[in-house]
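Novice: Structure below; questions to follow.
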Amino acid sequence: MPRFLIDENLPFKFSLWDDEDFVHQYELEGIKSDEEIWEYAKNYELTIITKDADFSDRIIFAKPPPKVIHIRIGNMRIKEMYQFFEKNWEEIQNHSKSYKLTRLPVRSTI
């Protein structure tokens with residue numbers, strides 16, 4: 001069962017997310033708006049992974065689920081993004097277990 005919902009603003013074909021723990025928004029028929037994504041993640045107790053500040057702002061005033069991982073790493077190549085997540089994913093997950101919002105810094109850990 002998935003634990004993470006990948007927002008549409010992140011790559012669909014990304015090997016780190018090719019796993020049963022992840023579902024991409026593109027795979028969810030009829031789920032398009034931020035409100036629909038939020039409700040889906042809430043109903044299935046998923047953590048939203050996004051580059052969209054709207055989810056980050058929304059969780060500040062909400063009670064989980066869902067939780068949010070806000071990726072603020074700017075524009076980078078897929079290879080750089082893969083390296084970033086490969087290096088930091090365990091720490092990101094651990095932080096997300098304890099907090100409703102995890103904001104990733106801009107390129108500081110690459």
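Throughout, read-outs are computed from the coordinates displayed, never taken from laboratory work. Nothing here was measured: the structure is a model prediction, and the numbers come from that model.
Novice: Percent relative contact order of the chain, based on C-alpha pairs within less than 8 angstrom and at least six residues apart?
Specialist: 25
Novice: Greater than 18 Å separation of Cα atoms is the criterion. Which listed pairs, LYS63/LYS87; LYS32/LYS100; LYS13/LYS79; LYS32/LYS63; LYS42/LYS97; LYS67/LYS87, meet it?
Specialist: LYS63/LYS87; LYS32/LYS100; LYS32/LYS63; LYS67/LYS87
Novice: Rank LYS79, LYS63, LYS32 by mean-square fluctuation in a GNM of the chain with C-alpha springs under 10 angstrom and give only the top-ranked residue.
Specialist: LYS79
Novice: Turning to a different aspect of this structure: Quick one: angle between helix 34-43 and the longest Cα principal axis of the chain, in degrees between 0 and 90, rounded to 10, please.
Specialist: Approximately 80 degrees, to the nearest 10.
Novice: Further question on the same structure: Pick from SER96, SER15, SER56: which residue has the top mean-square fluctuation in a GNM of the chain where Cα pairs under 10 Å get a spring?
Specialist: Evaluated over the chain, the most mobile residue of the options is SER15.
Novice: Which option, (1) 14.0; (2) 14.6; (3) 15.4, is the value of Kirkwood radius over Cα pairs in Å that was calculated from these coordinates?
Specialist: Matching entry in (1) 14.0; (2) 14.6; (3) 15.4: (1).
Novice: When the helix-only estimate is applied to the chain (DSSP H runs of n ≥ 4, each -39,500 (n - 2.57), divided by the residue count), what is the mean residue ellipticity at 222 nm, nearest 500 deg cm²/dmol?
Specialist: Computed ellipticity for the chain at 222 nm equals -11000 deg cm²/dmol.
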